[in-house]
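Contents: one structure, followed by commentary.
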Amino acid sequence: MRRLRKCGLHARDRCMSKKKKIVLAVVLAVLVCLIAAVVFVIIKYPNKLRRMASTVINSFNSGNKLKLKSVEQDGLESVDVEKFMEDERVSADQSLMLINTQYMLSEDFTADVAEYGESGVYMNLCIQDAYRELAAAVSTEFDTKLYVRSAYRSAQEQQEQVEENSEVATAVGASEHQAGLALDVYVPYFAGMGFLDSDAGVWVNKNCQDYGFIIRYPAYGEKSTGVTFEPWHIRYVGLPHAKIIAEQKITLEKYVEGLAIGKIYTYGDYYIERCVDKVLLPGEFESAVISPDNTGGYIVTFK
Ligand SMILES: [Zn+2]
């Protein structure tokens, strides 16, 4: 009896373990299929995955505020903006103009534009050297070339865009292209959102701040800019501003708003100041660039 019962139990155990083995085999087969599918997708679409991942990660970084150290200002001398501009160490450009639907370009605004080499492409004078360096870096790093699809657009050309595509085009006066400060770039076969499917496009998005450019409409900035992610639209703001904006993951709106008027901030070898009619001098400086901010004031960058 005892033996029989034992044998009976044995048989049931064997039966159970057979079932378990089948279930295990099925689970393993499903897992292997899943892993194979994931590996296939990673190999076949590496850039698309990278793009999706970075868009998701970036969208969690919104709402950042500018954080910069300010300097002690007691006893510092101040001069009128006009007088400051006469100083031979000071040059003026339009690099830090905030242009959007809230701060629109005035009707009498004139962009400092000139032809870029003999390309037939017109862009603001202050961005040309920086763009030349960025394009050269892309050619050195990758077996491709960076091209400009759209640079400076006159008010009339912007108006034509609005008439052609009223839902997407920016209103006349609210586009940075009208100041010649923005470039829509691409590499052959990779334009628009597809720019990020190229290694060069990913690199430009990660490194353009070293050349003074920012991704003006980042995925994390949609609330602040009111514009959806545009990985192809690079905007010149100069150094060190581009680096600060990229490092702190903020937008140009947050950057300009974050600079309190009449305060001097420091970043590396630079002093940064936003002012209205008087410039506070931070002691000794080698050179300075002053740009209107298009909100009624100026931003001065001392080196
Ligand atoms: Zn653009």
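The values are calculated or read from the model by the stated rules, or taken from the named source; none is laboratory data. No experiment lies behind these values; they were computed from the predicted model shown. Neighbour counts run over all protein chains shown; Cβ positions are idealised from the backbone, glycine included. Note: areas computed on protein heavy atoms with side chains; ligands, DNA, RNA excluded. Shrake-Rupley method; radii C 1.70, N 1.55, O 1.52, S 1.80 Å.
Is one or more of the residues making up segment 253-273 surrounded by fewer than 16 Cβ atoms within 10 Å (Cβ to Cβ) and among the polar types (S, T, N, Q)?
Within segment 253-273, one or more residues are surrounded by fewer than 16 Cβ atoms within 10 Å (Cβ to Cβ) and among the polar types (S, T, N, Q).
Could you grab me the full set of residues in segment 79-105 that are exposed (fewer than 15 other Cβ atoms within 10 Å of the Cβ), in contact (Cβ under 8 Å) with a residue 24 or more places away in the chain and closer than 23 Å to Val300 by Cβ?
Val79, Asp80, Arg89, Ser91
Pull up segment 166-176, narrow it to residues that are open to solvent by less than 30 Å² (accessible area, probe 1.4 Å) and touching a helix residue (DSSP H, G or I) at 6+ places or on another chain (Cβ under 6 Å), then point me to the one that is nearest to the ligand (Cβ to nearest atom).
Among those residues, the one meeting the criterion is Ser175.
Report yes if Val162 is surrounded by 19 or more Cβ atoms within 10 Å (Cβ to Cβ), away from the ligand (no atom under 11 Å from the Cβ) and modelled with pLDDT under 95, otherwise no.
no
Filter segment 106-119 down to residues that are touching a helix residue (DSSP H, G or I) at 6+ places or on another chain (Cβ under 9 Å) and free of Cβ contacts under 8 Å to residues at least 24 places away in the same chain and give me whichever is surrounded by the most Cβ atoms within 10 Å (Cβ to Cβ).
Within segment 106-119, the match that is surrounded by the most Cβ atoms within 10 Å (Cβ to Cβ) is Ala114.
Please give the number of the condition Arg216 fails out of (1) open to solvent by 10 Å² or more (accessible area, probe 1.4 Å); (2) in contact (Cβ under 8 Å) with a residue 40 or more places away in the chain; (3) within 12 Å of the ligand (Cβ to nearest atom).
(1)
Suppose the filter is at pLDDT below 70, assigned by TED's automatic domain parsing to the domain that holds Arg274 and either in contact with a strand residue (DSSP E or B) (Cβ under 9 Å, 6 or more places away or on another chain) or not in a helix (DSSP H, G or I) (or both); does Ser62 pass it? It would help to see each step written out before you state the result.
Values: at pLDDT below 70: yes; assigned by TED's automatic domain parsing to the domain that holds Arg274: yes; either in contact with a strand residue (DSSP E or B) (Cβ under 9 Å, 6 or more places away or on another chain) or not in a helix (DSSP H, G or I) (or both): yes.
Answer is yes for this residue.
Based on what the data block shows, is Tyr186 in contact (Cβ under 8 Å) with a residue 12 or more places away in the chain, within 16 Å of the ligand (Cβ to nearest atom) and among the hydroxyl-bearing types (Ser, Thr, Tyr)?
The answer is yes for Tyr186.
Pick from Asp143, Asp210, Asp199: which is open to solvent by 60 Å² or more (accessible area, probe 1.4 Å), at pLDDT 95 or above, over 25 Å from Leu96 (Cβ atoms) and away from the ligand (no atom under 16 Å from the Cβ)?
Answer to the selection: Asp199.
For segment 219-254: of the residues being of a type in the set (D, E, K, R) and touching a Leu at 6+ places or on another chain (Cβ under 8 Å), which is farthest from the ligand (Cβ to nearest atom)?
Here the residue is Lys254.
Just to check your reading of the model, which residue among Ala179, Ala191, Ala155 is open to solvent by 30 Å² or more (accessible area, probe 1.4 Å), within 16 Å of the ligand (Cβ to nearest atom), in the same structural domain as Ser106 (by TED's automatic domain parsing) and modelled with pLDDT of 95 or more? Spell out how you get there, then give the answer.
Numbers: Ala179 fails: open to solvent by 30 Å² or more (accessible area, probe 1.4 Å); Ala155 fails: modelled with pLDDT of 95 or more.
Just a single option satisfies the conditions, and that option is Ala191.
Hey, which of the strands (runs of 3 or more DSSP E) in segment 184-279, taking only ones fully inside, have at least 3 residues that are under 24 Å from Arg153 (Cα atoms) and within 10 Å of the chain's Cα centre (by Cα)?
Working: elements: 213-215, 233-236, 264-267, 270-275.
Filter on segment 184-279 gives 213-215, 233-236.
If we scan segment 280-287, do we find a residue that is open to solvent by less than 20 Å² (accessible area, probe 1.4 Å), of a type outside the set (S, T, N, Q) and either in contact with a Leu (Cβ under 6 Å, 6 or more places away or on another chain) or modelled with pLDDT of 95 or more (or both)? Even if it seems obvious, please write down each step before you answer.
Within segment 280-287, the first condition is being open to solvent by less than 20 Å² (accessible area, probe 1.4 Å), and the residues that meet it are 282, 285.
Checking which are of a type outside the set (S, T, N, Q) leaves us with 282, 285.
Adding the requirement that they be either in contact with a Leu (Cβ under 6 Å, 6 or more places away or on another chain) or modelled with pLDDT of 95 or more (or both) leaves none.
Taking every residue of segment 280-287 in turn, none turns out to be open to solvent by less than 20 Å² (accessible area, probe 1.4 Å), of a type outside the set (S, T, N, Q) and either in contact with a Leu (Cβ under 6 Å, 6 or more places away or on another chain) or modelled with pLDDT of 95 or more (or both).
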